[in-house]
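One structure below.
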Amino acid sequence: MLNAKTKMPNVLALLAALLLVLGACSNSENKDKEHKGEGEHSEMDMNHSGSEDVPEELKAAENPTYEVGSQVIIESAHMESMKGAEATIVGAYDTTAYSISYTPTTGGEKVENHKWIIQEEIKDAGEKPYESGAEVIINASHMKGMNGAVAHIETAENTTVYMVDFTPTSGGEKVKNHKWVTESELSAVE
């Protein structure tokens, strides 16, 4: 039969093991959050391929740096395996591009610094660009829970945006009609 003296070390050992397990779980979650990085999104939430449809009022760029059909290198990492991928330009449009923060309509964590939505993907936007801090309603479905969400404008950039097709650098299925990449996020294939 065990007495109180032999039970106490067993309880302390059990508590120590429990704290180690909980601490490991906590560190794993933090590393996942850090790994995502600013402006990147989890593979599950992002719609890799999209429709070739664009908002009716969106105007094709008259003289884009990268013409439709040209090959480029993506220099940004909106999602995993995107940076460094070779892409084909399938559309070029002059507009205002916004990075935004919003809470998905489906619940879950707030999405910080999503890049990009464009002027024509903001509900009742009109032609006047929004400034940082403005609150808008998203009219786009780049990610699950995005359409109809209230967003805060983080940055605004008057630029040419591109719709691209690319194969992720890690391999896998080709991404078609990815919306959007800005001109400064692309470089010419050498």
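None of the figures in this text is laboratory data; all of them are computed from the coordinates on show. Keep in mind that what you see is a predicted model, and the values were worked out from it rather than measured. Because the Cβ atoms are built from the backbone with ideal geometry, glycine has one as well, and the counts that use them run over all protein chains shown.
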Pairwise centroid distance, computed over Cα atoms, of the range 143-172 with the range 51-111, Å: 5
Net charge dipole size for the range 113-183 [Lys, Arg +1 and Asp, Glu -1 on Cβ; Debye, nearest 20]: 320
When THR95, THR159 are ranked with the fewest other C-beta atoms within 10 Å first, the list becomes THR159, THR95
Can you give the net charge of the other residues whose Cβ lies under 13 Å from the Cβ of THR88, counting K and R as +1 and D and E as -1? -2
Give me VAL111, VAL161 ranked fewest to most by other Cβ atoms within 10 Å of their Cβ, as a rough exposure proxy. VAL111, VAL161
So how do 177-187, 123-133, 145-155 stack up, highest first, on mean other-Cβ count within 10 Å? 177-187, 145-155, 123-133
